[in-house]
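Data block below; observations after.
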Amino acid sequence: MEHLSKEQLEFLKNLLLQRKREVLQRLKTFHESESSKVSTEVGDEIDHADWEMERFNQFRLRERETLYLKKVEYALKKIEAGTYGICENCGKPISFERLKARPVAIYCIECKKILEQQED
């Protein structure tokens, strides 16, 4: 991680810790809101369909947040291991600007572009 100064690394670590707190808070809010909502048998088919759609959307959001939390925790482990900011594809340093914009990035911008092109 020689390409990152101590100040940059500390900034990124704090950013990741902040993101972790935010995600955990959102997950807690999802859980609390889900616990407080009680399915009622009262209502017509449209009410039931709306309720099901809301449940589905909440599930997808919670799933996304959980995945992002795993990425944040992985990045924090990489910081501790001394491998943070190194592209997992080519082994080159990931720029500070990229990490600042996306602190969970595991690929440099060049490799990310190539991988996205392969997905298309």
Quiz item: Any residue at all in the stretch 64-75 that is within 17 Å of His3 (Cα to Cα), buried (at least 16 other Cβ atoms within 10 Å of the Cβ) and modelled with pLDDT of 95 or more?
Solution: yes
Quiz item: Just for the stretch 1-16: of the residues that are surrounded by 15 or more Cβ atoms within 10 Å (Cβ to Cβ) and touching a strand residue (DSSP E or B) at 6+ places or on another chain (Cβ under 9 Å), which one is modelled with the lowest pLDDT?
Solution: Met1
Practice problem: Mind counting the residues in the stretch 107-120 that are aliphatic (A, V, I, L, M) and closer than 12 Å to Lys92 by Cβ? | Solution: 1
Practice problem: Tell me which residues, restricted to the stretch 71-120, are of a type in the set (Asp, Glu) and either touching a residue at least 24 places away in the same chain (Cβ under 8 Å) or not in a loop (DSSP other than H, G, I, E, B) (or both). | Solution: Glu73, Glu80, Glu97, Glu110, Glu116, Glu119
Practice problem: State which residue pairs qualify: first residue under 28 Å from Leu67 (Cβ atoms) and inside the stretch 26-46, second residue assigned to a helix (DSSP H, G or I) and modelled with pLDDT of 75 or more in any location, beta carbons under 6 Å apart, and separation of 6 or more residues or different chains. | Solution: Arg26/Glu65; Leu27/Glu65; Phe30/Arg62
Exercise. Working only within the stretch 90-101, note down all residues that are surrounded by 13 or more Cβ atoms within 10 Å (Cβ to Cβ) and under 20 Å from the mean Cα position of the chain (by Cα).
Key: Ile94, Ser95, Phe96, Arg98, Leu99, Lys100
Self-check item: Of residues in the stretch 66-89 being under 17 Å from Arg21 (Cα atoms) and among the charged types (D, E, K, R), the one farthest from the chain's Cα centre (by Cα)
Solution: Lys77
Exercise. Check the stretch 32-52 and report whether any residue there is in contact with a helix residue (DSSP H, G or I) (Cβ under 9 Å, 6 or more places away or on another chain), part of a helix (DSSP H, G or I) and surrounded by fewer than 12 Cβ atoms within 10 Å (Cβ to Cβ).
Key: yes
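The values are calculated or read from the model by the stated rules, or taken from the named source; none is laboratory data. Predicted model, so just to flag it, every value in this text is computed and none were measured. Don't worry about glycine lacking a Cβ; one is built from the backbone with ideal geometry, like all the others, and counts go over all protein chains shown.
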